[in-house]
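The values are calculated or read from the model by the stated rules, or taken from the named source; none is laboratory data. The model shown is predicted, which means the values in this text are computed figures rather than measured ones. When we count neighbours, we look across all protein chains shown, and the Cβ atoms used for this are built from the backbone with ideal geometry, even at glycine.
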Amino acid sequence: MEKFLKNSIYLLIIIIALLVFLIFYKIFPFSVYWQQLLVSFESVDVQENELTPPVSSDEVPLKTEERASLFMVGDALIHSAVYADADADTGSGYDFRPMISEVKEISKNYDLAFYNQETILGGSELGLSSYPRFNSPYEVGDAFIDAGFNLVSLANNHTLDRGETAILNSHQYWSQHPEVMTAGSFSSWDDMNQVNIGEVNGIRYAFLAYTDWTNGLIVPSGKEYLLARYTNELAKQDIEKVRDQVDVVIVSMHFGDEYSLNVSSRQREIATYLASLGVDIVIGHHPHVVEPIEMIDDTLVIYSLGNFISAQRGVEKLTGMMFSMDIVKTTEAGVSQITFKNMKAGLVYTYSDTINGIRRNFKVYPYQNLTEELLPNHEMYYNKYMNLILQNVSNIERW
Ligand SMILES: [Zn+2]
């Protein structure tokens with residue numbers, strides 16, 4: 001009797017399992033896959049067209065959207081007070097990471113993050129130096145890479161400060177970090193002639209950098225690749241080479257007048273020319289202070305991001321811009337279009353205190369993290385510089 005009961009239960013289980021299978025087999029939306037799975041076990045001929053998942057015009061995506069996020073900050077000006085402080089805590093080497101840790105919390109979240117390495121990373125072995133002829137340790141680069149920065153401008157009025165050796169050292173350093181794309185200074189003609197194209201989330205971008213200034217220093221004759229000195233001709237040639245190969249052209253421009261909060265006619269002339277060549281984003285820096293943002297047709301022009309980190313003095317020079325945006329690529333019927341979304345501008349402040357006449361504890365703070373102790377009246381400064389930055393645009397949010 002017990003055996004009969006056991007057998008009945010087994011039979012019942014098998015029947016239920018079969019029923020469940022048949023129900024799924026008939027009604028499950030992926031029944032085609034079941035058929036594929038079972039085709040070798042079935043005697044019934046399954047025609048090939050039944051094996052192919054049905055494609056109706058409703059299921060072909062009409063519009064696809066791809067998105068890459070971009071973050072940017074301005075000049076890393078590593079004065080001796082900054083590198084001395086980076087060595088002060090341990091005495092065992094330079095560590096700039098704590099100085100930018102507050103910004104890292106933001107920058108690490110982006111697909112692309114830009115900054116201008118104003119002072120050359122020629123390395124300690126060459127002897128470090130400050131204004132007017134800078135040379136900075138490689139550990140500066142380590143800190144920025146650690147914080148997620150991967151677009152670095154090397155073209156500015158300090159690139160030539162310590163000559164060809166420092167530039168080649170800098171290239172040696174950056175070449176060990178292929179995750180970072182540098183622009184504006186090259187180690188050879190071959191290096192310069194390579195197109196600087198990257199791709200992120202299905203969006204292809206080109207990254208170029210130029211300086212309008214060299215502080216009177218002359219690029220060694222025959223080695224003009226060491227520094228991309230801006231001319232309309234060079235920009236045109238470079239941009240035409242990449243324009244059709246990418247979705248977005250990003251140009252970093254070291255231009256403008258130092259300590260001027262206003263856009264110069266020269267800056268506007270260059271930006272207008274770049275816009276006419278189809279450049280999508282112009283990232284400007286050099287004045288050491290922030291300047292207004294403008295749109296020239298569809299081209300976003302950030303004239304000056306200001307300083308990111310430095311030992312300059314005064315709130316104006318210790319305040320820089322941080323900017324965030326999404327580059328959105330919409331493709332419809334095989335035609336792609338680029339738009340900018342979620343554009344947001346904010347400020348950063350380089351804090352330091354003075355102990356026995358020596359500036360110490362350098363740290364860059366997003367303004368929203370500031371306290372009255374770190375910067376008295378920071379709200380007043382925030383409003384002042386944000387109003388200045390956004391005076392000519394209405395589609396950019398405040399951070
Ligand atoms: Zn500069």
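Structure notes:
- Failed criterion for Tyr259 (all others in (1) buried (at least 18 other Cβ atoms within 10 Å of the Cβ); (2) within 16 Å of the ligand (Cβ to nearest atom) hold): (1)
- Within region 205-218, considering residues that are touching a residue at least 12 places away in the same chain (Cβ under 8 Å) and within 16 Å of the ligand (Cβ to nearest atom), the one farthest from the chain's Cα centre (by Cα): Leu217
- Filtered residues of region 220-234 (kept if touching a residue at least 12 places away in the same chain (Cβ under 8 Å) and more than 16 Å from the ligand (Cβ to nearest atom)): Pro220, Lys223, Tyr225, Leu226, Asn232, Leu234
Results for (1) assigned by TED's automatic domain parsing to the domain that holds Val290; (2) touching a strand residue (DSSP E or B) at 6+ places or on another chain (Cβ under 7 Å); (3) not in a helix (DSSP H, G or I), shown as yes or no for each residue.
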| residue | (1), (2), (3) |
| --- | --- |
| Tyr351 | yes, yes, yes |
| Asn361 | yes, yes, yes |
| Thr371 | yes, no, yes |
| Leu374 | yes, yes, yes |
| Asn383 | yes, no, no |
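- Only residues that are part of a helix (DSSP H, G or I) and under 20 Å from Val348 (Cα atoms) were counted across region 65-100, and they come to 9.
- Verdict on Ile218 being of a type in the set (A, V, I, L, M) and under 30 Å from Ser336 (Cβ atoms): no
- First in region 235-256 and at negative phi and not assigned by TED's automatic domain parsing to the domain that holds His286, second anywhere and among the hydrophobic types (A, V, I, L, M, F, W, C) and at pLDDT below 95, Cβ under 9 Å, 6 or more apart: none
- Looking across Tyr259, Tyr225, one residue alone is of a type in the set (Ser, Thr, Tyr) and part of a helix (DSSP H, G or I). It is Tyr225.
- Filtering region 105-121 to residues that are more than 16 Å from the ligand (Cβ to nearest atom) and in contact with a helix residue (DSSP H, G or I) (Cβ under 7 Å, 6 or more places away or on another chain) leaves only Ala113.
- Conditions (1) modelled with pLDDT of 95 or more; (2) within 16 Å of the ligand (Cβ to nearest atom): number failed by Ile239: (2)
- Put simply, of Ala206, Ala183 the only residue that is crowded, with 24+ Cβ neighbours inside 10 Å and either in the same structural domain as Asp326 (by TED's automatic domain parsing) or out of contact with any strand residue (DSSP E or B) (no Cβ under 6 Å at 6 or more places or on another chain) (or both) is Ala206.
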